[in-house]
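Read through the structure below, which is laid out as structure tokens, and then see the notes.
The values are calculated or read from the model by the stated rules, or taken from the named source; none is laboratory data. Since the structure is predicted, the reported quantities are computational estimates derived from the model, not experimental observations. Cβ sites come from the backbone with ideal geometry, for glycine too, and all protein chains shown count toward neighbours.
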Amino acid sequence: MEIKIRKGVKTDLPSVLKLIKELADYENAKDQVTITLDNLEQDGFGHHPWYWFLVAEKEDEIVGLSFYWIRYSTWKGKFLFLEDFIIKDEYRRQGVGSKLFEETIKICKKLRLNGMIWQVLDWNTPAIDFYKKYNADISSKWLNGKLTKKQIDEICS
């Protein structure tokens with residue numbers, strides 16, 4: 001199977017949104033996806049891009065996505081934050097994920113970042129096992145905090 005990894009472009013966004021929804025469905029949270037194509041276009045291809053992505057393609061079909069942004073740690077400096085890493089179900093366990101993940105790691109090296117960070121749900125053992133192949137540290141010590149736009153609006157009203 002010939003898989004091509006390349007930098008994502010604006011015309012990929014419909015496929016990107018579809019993969020984001022596929023991941024959300026896998027995580028039983030599809031109803032929580034509120035991002036639109038317009039949001040993705042404006043935020044990724046406007047005056048100040050807030051994210052970047054790589055795609056894995058087979059015969060002009062996007063079968064995988066590595067969606068990332070740069071995070072700054074006050075302790076360690078710049079890190080690549082891997083927001084979403086998605087391989088279509090029918091292409092898993094065929095080396096697509098490894099190829100895409102390794103290309104993402106190369107971006108860290110090229111940008112001279114201090115590492116790569118991501119989150120994985122504690123029940124997602126296939127993903128945890130995948131990351132452990134790379135000798136990744138998977139922490140259970142840190143808990144995620146979040147305020148939604150609605151909560152912020154309520155606080156600031």
Take the residues in the range 93-123 that are of a type in the set (Lys, Arg) and modelled with pLDDT of 95 or more; name whichever of them is farthest from ILE20 (Cα to Cα). ARG112
How many residues does the range 101-131 hold that are in contact with a strand residue (DSSP E or B) (Cβ under 7 Å, 6 or more places away or on another chain), of a type in the set (Phe, Trp, Tyr) and surrounded by fewer than 16 Cβ atoms within 10 Å (Cβ to Cβ)? 0
Determine the pairs where a residue that is hydroxyl-bearing (Ser, Thr, Tyr), located within the range 97-111, has a partner that is outside any helix (DSSP H, G or I) with Cβ atoms under 6 Å apart, the partner being 6 or more residues away or on another chain. THR104/SER66
Restricting the range 1-51 to residues that are touching a strand residue (DSSP E or B) at 6+ places or on another chain (Cβ under 6 Å) and hydroxyl-bearing (Ser, Thr, Tyr), which is farthest from THR148 (Cα to Cα)? SER15
Within the range 61-90, residues being under 19 Å from VAL120 (Cβ atoms), touching a helix residue (DSSP H, G or I) at 6+ places or on another chain (Cβ under 9 Å) and not small (Gly, Ala, Ser) number 12
